[in-house]
Amino acid sequence: MVHAPGVAEVTDADFEAEVLGERGRAVLVQFTADWCGPCRQLAPVLSAIAAEEAGRLKVVQIDADRNPGTLIRYGVLSTPTLLVFRDGEPVRQMVGARPKRRLLQELQDALATA
């Protein structure tokens, strides 16, 4: 898995506790894989956002190859896919790498209610 420093890894086993159980702040989940070039581009963006928005946003990654249950559950067909959860429910989905400024703009609604 392409690991973004400062971003926790979740698995099928702990997804419910770490993502669906989070209350009070949104959770941004990146579905990633070792072979995914755009995932490597997105890693420093996620690290920066995780550090800057820690009080309002929890950022985690899940390896698409090793956690097929979660992929199937949320209909993830490509990487990187970003899902935003609020109070255990998916509220936004984005596919593909993007620059930090654009990602923050797309996350504004989730962060505004945090």
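The values are calculated or read from the model by the stated rules, or taken from the named source; none is laboratory data. Nothing here was measured: the structure is a model prediction, and the numbers come from that model. Please note: Cβ atoms are built from the backbone with ideal geometry, for glycine as well, and neighbour counts cover all protein chains shown. Just the protein is used for accessible areas: all its heavy atoms, side chains included, with ligands, DNA and RNA removed. Shrake-Rupley method; radii C 1.70, N 1.55, O 1.52, S 1.80 Å.
Overview of values
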read-out	value
Any hit, the range 22-42, residues being crowded, with 18+ Cβ neighbours inside 10 Å, within 14 Å of the chain's Cα centre (by Cα), modelled with pLDDT of 95 or more and of a type in the set (Asp, Glu)	no
Selection count where residues are in a loop (DSSP other than H, G, I, E, B) and within 24 Å of Arg40 (Cβ to Cβ), scope the range 76-91	5
Residue count, the range 80-106 (criterion: more than 11 Å from the chain's Cα centre (by Cα) and in contact (Cβ under 8 Å) with a residue 40 or more places away in the chain)	11
Qualifying residues in the range 74-96 (those that are touching a Leu at 6+ places or on another chain (Cβ under 8 Å) and open to solvent by 40 Å² or more (accessible area, probe 1.4 Å)) - the one nearest to Val19 (Cα to Cα)	Pro90
Gly6, sole failed condition from (1) at pLDDT below 95; (2) open to solvent by 80 Å² or more (accessible area, probe 1.4 Å); (3) of a type outside the set (Asp, Glu)	(2)
Test for Leu71: is it over 11 Å from the mean Cα position of the chain (by Cα) and buried (at least 18 other Cβ atoms within 10 Å of the Cβ)	yes
Search result, residues across the range 28-75 that are in a strand (DSSP E or B) and over 17 Å from His3 (Cα atoms)	Leu57
